[in-house]
Amino acid sequence: LQKHKRSFTPESHKIILVDGDEAGLVAIETFPSYTRLVKIYLLRAFRGLGIGSELMHQFIVTAHSEHKVLRLQVLKVNKRAQAFYFRHGFQVTYETTESLFLQK
């Protein structure tokens, strides 16, 4: 909880709405040479419906249209998220004992 409180910035965090229903949360930060996907969370009822893929496609298109790469970090234990990112063409650029750093 403390980690999330420290990382919360209203300007980078957005609620994901699907047909007016709150479906999740996304946080994106922009920098001069890249865009960073900080977090993307979907509520269980909205997973597996293609929403995450559509959002990811939009993030990639937007970053590339600004001549930027899209970067993110994922825990090594989160195999499902890794598979999702790899399906969207992300490549590992760096790793630590706990995390993979990906870019597209």
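With respect to Glu22, is the statement that it is free of Cβ contacts under 8 Å to residues at least 24 places away in the same chain, open to solvent by 80 Å² or more (accessible area, probe 1.4 Å) and assigned to a strand (DSSP E or B) true?
Working: free of Cβ contacts under 8 Å to residues at least 24 places away in the same chain: yes; open to solvent by 80 Å² or more (accessible area, probe 1.4 Å): yes; assigned to a strand (DSSP E or B): yes.
Yes, satisfied.
Considering only residues that are loosely packed, with under 14 Cβ neighbours inside 10 Å and either of a type in the set (A, V, I, L, M) or within 15 Å of the chain's Cα centre (by Cα) (or both), which ones fall in the range 87-102?
Within the range 87-102, Arg87, Gly89, Gln91, Val92 qualify.
Among the residues of the range 60-86, what is the count of those that are open to solvent by 30 Å² or more (accessible area, probe 1.4 Å) and either touching a Gly at 6+ places or on another chain (Cβ under 6 Å) or part of a helix (DSSP H, G or I) (or both)?
Matching residues across the range 60-86 total 9.
The values are calculated or read from the model by the stated rules, or taken from the named source; none is laboratory data. This structure is a prediction, so every number in the text was calculated from the model and none was measured. Positions of Cβ are generated from backbone atoms using ideal geometry, with glycine treated the same way; all protein chains shown enter the neighbour counts. For the accessible areas, the whole protein counts, side chains as well, though only heavy atoms, and no ligand, DNA or RNA atoms are used. Shrake-Rupley method; radii C 1.70, N 1.55, O 1.52, S 1.80 Å.
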